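**Student:** Here it is, the structure, as structure tokens.
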Amino acid sequence: MRLLADGNIHSGESLGESLGISRAAIWKQLQQLQDLGVPLTSVKGLGYCVEGGLDLLDYNIMLENFYAMYSKANPFEGKKILSELQVETSVDSTSQNLLRLSARGNSIHGVACFAEKQTAGRGRRGRSWQSPFASNLYFSIGWRIQNGVAAVEGLSLAVGVALCEALQSFGLDEVQLKWPNDLLYRGKKLGGILLEISGDAAGECNLVLGVGVNVSMPQQAAEEIDQAWVDLASIAKEQGLAVLPSRNELAARMLVHLFALLESYESLGFPHWRKRWEQLDAYAGQQVRLQLGAKEVTGEVQGVNDAGALLLKTHEGLQTFIGGEISLRPLL
Ligand code: BTN
């Protein structure tokens, strides 16, 4: 996979030589790559290539980038805060991976798990999350909460702010938020956040923060998505950004922003993030429709309160709505 990532044509023979294995073993490995969803082309008489190459995740590059950036802002803290970085080729779900570890009694505090591909990526409200190979970012961070879930009220909204700010730091502007925590660009979904909690909800518990951001969505996977979506590659093109940062750079920058947030959240809480969230609100002042199970409420978005609940001006007055199974749509 790493040999083919350069996008050049490699003969079966040269691949075999580089890896010290037989042509038959190479063929088997190529088959495995194809099964993973790597877009492999066989060029008659010459060998194999991945057209356009692959922007693979790399443990060392990501870690170096993370330490360099985190330590600049927080001297000597970088090595302490990220307790483990996992970079997997394929998992069912990076969040499930951490929840499994935690259920087996391992500490997942400060563990970040990335995967090139998820076979059962999950989204909010029981939906699935398209996770094709080496195209987008899928990762989860484990974090221990001392004082029950109440202490992390509004956290998923603050995570949205941290991700927008990480993208802004690359000059990727105009990414906004849709309550509670969808990343949007010009009304289309760029990314999503899923918070899961295990343990004692009133005391010490483990939080698994899952993030999916579309970087360069392949056509085939795109066809499976049932809502308007966008990826960073097309945003960068639209905004005239010369080069899109690599997935490793994007990943490291997101980790820096998220770890800084997680470390201070139990003491600062959502009030610290509220204004920034409201500045990024894609639907501020707009008429929306909220789906609350079978019930529907319409009203004008008036921002969020200190707990991260949505404030809606309805015909019954100003109402607040807490997360969960609520879905928000613009009123057309
Ligand atoms: C949403 O529906 O908006 C939330 C999507 C969250 C997807 C991410 S990808 C990494 C992590 N692992 C999962 O299975 N889901 C989250």
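Rule-based calculations on the coordinates, nothing more; no lab input. What you see is a predicted model, and the numbers here were worked out from it, not measured in a lab. When we count neighbours, we look across all protein chains shown, and the Cβ atoms used for this are built from the backbone with ideal geometry, even at glycine.
**Student:** Each residue of the stretch 109-126 in order: what ³J(HN,Hα) in whole Hz does its phi give by Karplus 6.51 cos²θ - 1.76 cosθ + 1.60, θ = phi - 60°, with x for Gly and Pro?
**Tutor:** Rounded to whole hertz, the list is 5, x, 8, 10, 10, 10, 9, 5, 8, 10, 8, 9, x, 10, x, 6, 6, x.
**Student:** From the convex hull of the Cα coordinates of the chain, what is the mean projected area in square nanometres?
**Tutor:** Mean orientational projected area (the chain, Cα hull): 19.2 nm².
**Student:** Now a separate question. Counting other Cβ atoms within 10 Å, keep those with at most 14, restrict to DSSP loop, and tell me which GluC sites (Glu not before Pro) in the stretch 232-324 are left.
**Tutor:** Passing sites in the stretch 232-324 are Glu316.
**Student:** Let me ask something additional. Could you tell me whether the stretch 273-316 comes out rounded, prolate or oblate from its Cα gyration tensor? Rule is a ≥ b ≥ c as square roots of the eigenvalues, rounded for a/c under 1.5, then prolate if a/b exceeds b/c, otherwise oblate.
**Tutor:** prolate
**Student:** Can you list which of the trypsin sites (Lys or Arg not before Pro) found in the stretch 1-35 are DSSP loop residues with at most 10 other C-beta atoms within 10 Å?
**Tutor:** Arg2
**Student:** Let me ask something else about it. Over all alpha-carbon pairs in the stretch 1-78, figure out the percentage whose distance exceeds 22 Å. Mind showing how you got there, number by number?
**Tutor:** Details: 1162 of 3003 pairs.
When all Cα pairs of the stretch 1-78 are counted, 39 percent exceed 22 Å.
**Student:** Can you tell me the mean projection area, over all orientations, of the convex hull of the stretch 117-269's alpha carbons? Units nm², please.
**Tutor:** If I average the Cα hull's projected area over directions, I get 8.9 nm².
**Student:** I would also like to ask the following. Taking amide hydrogens as modeled 1.01 Å from N in the peptide plane, which residues meet the under 5 Å criterion relative to Gly53, leaving out close sequence neighbours?
**Tutor:** Gly7
**Student:** Multiply the residue gap between Ser22 and Leu46 by 0.36 nm, knock off their C-alpha separation, and tell me the result in nm, one decimal place.
**Tutor:** Additional length available on full extension: 6.9 nm.
**Student:** Over the stretch 105-253, what is the relative contact order in whole percent, taking alpha-carbon pairs under 8 Å and six or more residues apart? Could the numbers behind the result be given before it?
**Tutor:** Working: 257 pairs, mean separation 37.2, N = 149.
Normalised by residue count, the contact order of the stretch 105-253 is 25 percent.
**Student:** Just from its helices, what would the mean residue ellipticity at 222 nm be for the chain, if runs of 4 or more DSSP H residues each count -39500 (n - 2.57) and the sum is divided by every residue, rounded to the nearest 500 deg cm²/dmol? Before the final figure, lay out the partial values.
**Tutor:** Details: 10 runs with 107 residues, N = 332.
Using -39500 (n - 2.57) per qualifying helix, the result is -9500 deg cm²/dmol.
**Student:** Here is a follow-up. Considering only C-alpha atoms, what is the centroid distance from the stretch 200-248 to the stretch 43-92, in Å?
**Tutor:** 16
**Student:** Once the Cβ-Cβ distance between Tyr59 and Lys313 is put in as r, and R0 is 30 Å, what FRET efficiency do you end up with, to the nearest 0.05? Kindly include the intermediate steps, with their values, before the conclusion.
**Tutor:** Working: r = 49 Å, r/R0 = 1.63.
So, using R0 = 30 Å, E works out to roughly 0.05.
**Student:** Check cross-link reach from Lys117 to the lysines: straight Cα distance under 22 Å, and skip same-chain residues fewer than eight apart.
**Tutor:** Output for Lys117: Lys28, Lys189.
**Student:** Rounded if a/c is under 1.5, else prolate if a/b is larger than b/c, else oblate: which is the stretch 28-172, with a ≥ b ≥ c the root eigenvalues of its Cα gyration tensor?
**Tutor:** Prolate shape, in that a/c is at least 1.5 and a/b is the bigger ratio.
**Student:** So, one more: I'd like the Karplus ³J(HN,Hα) series for the stretch 8-20: coefficients 6.51, -1.76, 1.60, θ = phi - 60°, whole numbers in Hz, and an x wherever there's a Gly or Pro.
**Tutor:** Karplus-based 3J(HN,Hα) across the stretch 8-20 equals 7, 7, 10, 6, x, 5, 5, 5, x, 5, 4, 9, x Hz.
**Student:** Under a point spin-label approximation (7 Å from Cα along Cα-to-Cβ), what is the Gln31-Val243 distance to one decimal in nm?
**Tutor:** 3.8
**Student:** Another one. If only Cα atoms are counted, what is the Rg of the stretch 198-315, and what is its Dmax, in Å?
**Tutor:** For the stretch 198-315, the Cα-based Rg and Dmax read 18.3, 49 Å.
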